[in-house]
Each structure stands twice: as C-alpha cells, then as structure tokens.
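Structure record follows, encoded as structure tokens.
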Number of protein chains: 2
Amino acid sequence: MSSVSSSPKTVEEIFKDYSARRAGIVRALTHDVDEFYNLCDPEKENLCLYGHPNETWEVNLPAEEVPPELPEPALGINFARDGMNRRDWLSLVAVHSDCWLLSVAFFFGTRLNQNERYAQCFSEMQVGMGAESSSGQMFGWR
Amino acid sequence: MSSVSSSPKTVEEIFKDYSARRAGIVRALTHDVDEFYNLCDPEKENLCLYGHPNETWEVNLPAEEVPPELPEPALGINFARDGMNRRDWLSLVAVHSDCWLLSVAFFFGTRLNQNERYAQCFSEMQVGMGAESSSGQMFGWR
C-alpha cells in the first residue's frame, strides 16, 4: 500500500476523508475502469482496491503490517475477475469498497467523544441511505 | 472460519445479525477475555476474531476464499498482543471489531432497495451514535 495516509480528527475531516477516498474508488470503477480491470490480473498475488484521501485510487497488495493500522479492503478481488461477468465483478468490488469506506470512517470515528459522535451520525445517515454509495452511483440502483 | 453463516434479507434481520455477532464479540472481550487472550498466541499464524450470528465468538485464521464472501475482520490481532498493554490491545481489537460489525451490516444492506435502506439508516444511526459499540461498552468511553 502506498504512503498516502491521513488522520482526520473531526466529523468534518472524517467526512472529507471518506468523500475523497470514495471519489478515488468511483473513478477506478467508472472513468478508469479499463485500467482498473487490467491491473486486477488473476495471475498476480492477492490484490486490493484502495481509495486514498487525495482522491486517487490504487490496486496493490494488502498492508504488510498486521494488525493493519486501518481496516483493510477486500482481499483478492483479482481472483474473482475472470470467473464472473464483468459487470457483476465490478458490482462485487463496488459493494466491498462501500463497506470498506464505511469501516474506515467508523474507525476514525472511534476517536470522537459522545457529542462529536452524535453529530457524526447525521453525516453517516446520509451515507447509510445510500445517497452517495459507489455501487449505487455506478449501477443506478436507485 | 467456521461454518456459522447467515443471510439476513430485511432491515430487522440485518440488525438481529449485527446484534448477535456483537454479543459474541462483547463476550470474547469481557466474560471470556482470558480465554480470548490466550487463544491470540503471537506464535501462531494471522488470527482474526469473528462474532457469529448465533452469539458465539471464534478466534481463527481468515477465510481461505478470496475475495471473501463477507467483509473480513482485522487480520493478525495476535501479533500485536505482546507488544502492547493488555487494555490497549483489547481496545484495539474492540475498535477493529466494531468497524467489522458495521462493515458486515452494510454489506448485507447493499441488497436492500431504497425504501428499505431509508429505514435501515435509522437503525444504524443508533449504532453510529455509539450507543451500542463494543468498545464503548467495554471501556466506559461514554
């Protein structure tokens, strides 16, 4: 995994981090989809799709550090690529990526105190409603 | 990972699944903490803490299937055990477990349609507020 990292400390920073990581993943799954598809070579080792807080995306091996500093995205997305319909595979990656984005946001959220969490829940409510999910945006599920 | 599995299809079933998995994890980190601690031997391979939908917990190797059927919990929690204060290590496991529980709940939630998601966000709002988090319950952070 690359060295792009972040340490958001407020609700607003966490939401900004989430939004930027999500923007990177949406780009991988839409505008850059052919490049993303080609990078996920089933002949390679276990690969993951990372969205970074600078709105970039990366296909890379999982973090070497275990337990990892942050929750890790789904492992081995490349192994499923050639056994599925392309659209179904992208959908699988999008669903796992959405869950990962939420997991990272909640991980940062554990540092917040009760009042800050109360505010956070309203930001995450919007996410929970699917109004911004990568999979939803990609596939028009709403 | 054991064969305990579930496939919740409604908001209520997802919340029930979440609550049961969480009950297992809370038990591992409280009532069964000595057993849990001993199982997380740093000499063993990468281990994970699973909460199952029957309210049991399990320390086991990660799923062999990649990409996994469900989001996976933090990998290699055992490697951090002896390098940290016991309470800090349990806190780390609790935080990662909370994120994993949410990730699994949202994973199941991707199958819901828009109206169902709208209802779901209110259930998850309660979770997002930390009112039920494993880490909060363990460590009295609120």
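The values are calculated or read from the model by the stated rules, or taken from the named source; none is laboratory data. Just so you know, these numbers come straight off a predicted model, no measurement behind them. Note that each Cβ is placed from the backbone with ideal geometry, even for glycine, and that neighbours are counted across all protein chains shown. For accessibility, only protein heavy atoms count, side chains too; no ligands or nucleic acids. Shrake-Rupley method; radii C 1.70, N 1.55, O 1.52, S 1.80 Å.
Averaged over the residues of A:111-118, the number of partner chain Cβ atoms lying within 10 Å of the residue Cβ comes to 3. Chain A comes nearest to the axis taking it onto chain B at the Cβ of one residue; that residue and its distance, in whole Å, are A:Ser103, 2.
Comment: the Cα-to-Cβ extended label point of A:Glu13, at 7 Å, lies 4.1 nm from its counterparts in the other copies, nearest first.
If you take the accessible area of A alone plus B alone and subtract the pair, what total do you get in square angstrom, rounded to 100, with a 1.4 Å probe? Intermediate results must be reported in sequence, preceding the final value.
Details: alone 8050 and 8040 Å², together 13190 Å².
Separately minus together, A and B give about 2900 Å² buried.
Around A:Lys9, what is the net charge, scoring Lys/Arg as +1 and Asp/Glu as -1 over all other residues with Cβ under 12 Å from its Cβ? Net of charged neighbours comes to -2. In a solvent-free Debye calculation with one equal scatterer on each Cα, what is log10 I(q)/I(0) for segment A:1-98 at q = 0.12, 0.14, 0.19, 0.23 Å⁻¹, listed in the order of the q values? Normalising to I(0) and taking log10 leaves -0.38, -0.51, -0.91, -1.26. The residues of segment B:57-79 occluded by other protein chains by 30 Å² or more of accessible area, set against the chain on its own, are B:Val66, B:Pro67, B:Pro68, B:Leu75; surface from heavy atoms, 1.4 Å probe. Dipole size of segment B:1-87 about its Cα centre, with +1 on Lys/Arg Cβ and -1 on Asp/Glu Cβ: approximately 380 debye, rounded to the nearest 20. Copy-to-copy label distances for A:Thr30, where each label lies 7 Å from Cα along Cα-to-Cβ, are 4.4 nm in order of increasing length.
Counting only other chains, and only Cβ atoms inside 10 Å, what mean value do you get across the residues of A:41-54? Can you show the working numbers first?
Values: counts 0, 0, 0, 0, 0, 2, 2, 1, 0, 0, 0, 0, 0, 0.
For this peptide, the per-residue mean of nearby foreign Cβ atoms is 0.
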